[in-house]
1. L99 passes all but one of (1) at pLDDT below 85; (2) not in a helix (DSSP H, G or I); which number fails?
2. If I ask for residues that are at pLDDT 85 or above and touching a strand residue (DSSP E or B) at 6+ places or on another chain (Cβ under 7 Å), which ones from segment 57-86 would you list?
3. Taking segment 37-55 as the region of interest, how many residues are exposed (fewer than 13 other Cβ atoms within 10 Å of the Cβ) and either in contact with an Asp or Glu (Cβ under 9 Å, 6 or more places away or on another chain) or modelled with pLDDT of 90 or more (or both)?
4. Please specify each residue of segment 160-186 satisfying the condition of being of a type in the set (G, A, S) and either more than 18 Å from F38 (Cβ to Cβ) or touching a residue at least 40 places away in the same chain (Cβ under 8 Å) (or both).
5. Would you point out which residue out of L13, L20 is in a strand (DSSP E or B) and hydrophobic (A, V, I, L, M, F, W, C)?
6. So, A8, is that one part of a helix (DSSP H, G or I) and either at pLDDT below 90 or within 26 Å of the chain's Cα centre (by Cα) (or both) or not?
7. Quick one: Y65 ticks every box in (1) surrounded by fewer than 18 Cβ atoms within 10 Å (Cβ to Cβ); (2) touching a Gly at 6+ places or on another chain (Cβ under 6 Å) bar one, so which box is it?
8. Just one of L161, L172 is closer than 28 Å to E42 by Cα, surrounded by fewer than 14 Cβ atoms within 10 Å (Cβ to Cβ) and at pLDDT 70 or above; which is it?
Amino acid sequence: MDNLVTLADGSVLNTALYPLPDGLSDGVMNRAQLAIAFNVSENSVTKWVGQGMPVLTAGQNGVSYEFQLSHCYAWRRTRDEQSRATKASREAHAMQASLAFRNLDEEQEEEEGGLTAKQLREWSEAEYHRNRVAEQRGELVRAARVSELLEDLIGVVATALGTMPDHLERDLGLGVEEVAKVEARCDKVVMKMRERIERSILGAGVVEDLAEFRQDEMGL
């Protein structure tokens, strides 16, 4: 099928899942043109190629790279969706772990207080109703909602910082090494923000596990 594109790693990209926006026609572009289309630097396009973005013609011996716009657009959308899904799954798992550990601690404290099973059940039901009323009054906000809001805010900052190196390279003429330093610094800022938020919401133990997991993924 024309909608299926086999990538370098052997996986198949279905471009029909993410068609080009209405009114935008497909076409073949070189690296510079594709950079303009996505509002990024040519270095970013080169980095995407290394990450598996589909290529029509590989540049070599004076031959320019050629890209199918619809293929690259679908590849980026697919990768973004996979990244969001993976992140959401990890955050949900971390929240579940945090709640489970918290409930376990509370149960242990209650047992030490000498409460019977019936008293514990009655106390839990009363606490549940108190929390529901407080939530309806706006006096109490679920941690998941706060986490979602903060995640959205981090996304806004991450997007702004993510495009900054491209703008610095294109508008201020920074070199490749300088842009790489700015990009690394921006990534650290976003990571630091996320770690502090997670530490406040999830607790230090869960955050340390997440940080270790992320370092393993990045090969650090």
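1. Single failed check for L99: (2).
2. Scanning segment 57-86 gives T57, Y65, E66, F67, Q68, L69, H71, A74, W75, T78.
3. Let us first name the residues in segment 37-55 that are exposed (fewer than 13 other Cβ atoms within 10 Å of the Cβ), namely 39, 50-51.
Still in the running and either in contact with an Asp or Glu (Cβ under 9 Å, 6 or more places away or on another chain) or modelled with pLDDT of 90 or more (or both): 39.
Result for segment 37-55: 1.
4. Keep residues of segment 160-186 that are of a type in the set (G, A, S), which gives 160, 162, 173, 175, 180, 184.
Selection gives G173, G175, A180, A184.
5. On the way: L20 fails: in a strand (DSSP E or B).
Among L13, L20, only L13 is in a strand (DSSP E or B) and hydrophobic (A, V, I, L, M, F, W, C).
6. Details: part of a helix (DSSP H, G or I): no; either at pLDDT below 90 or within 26 Å of the chain's Cα centre (by Cα) (or both): yes.
Spelling it out, it is not the case that A8 is part of a helix (DSSP H, G or I) and either at pLDDT below 90 or within 26 Å of the chain's Cα centre (by Cα) (or both).
7. (1)
8. Values: L161 fails: surrounded by fewer than 14 Cβ atoms within 10 Å (Cβ to Cβ).
It is L172.
The values are calculated or read from the model by the stated rules, or taken from the named source; none is laboratory data. No experiment lies behind these values; they were computed from the predicted model shown. Neighbour counts run over all protein chains shown; Cβ positions are idealised from the backbone, glycine included.
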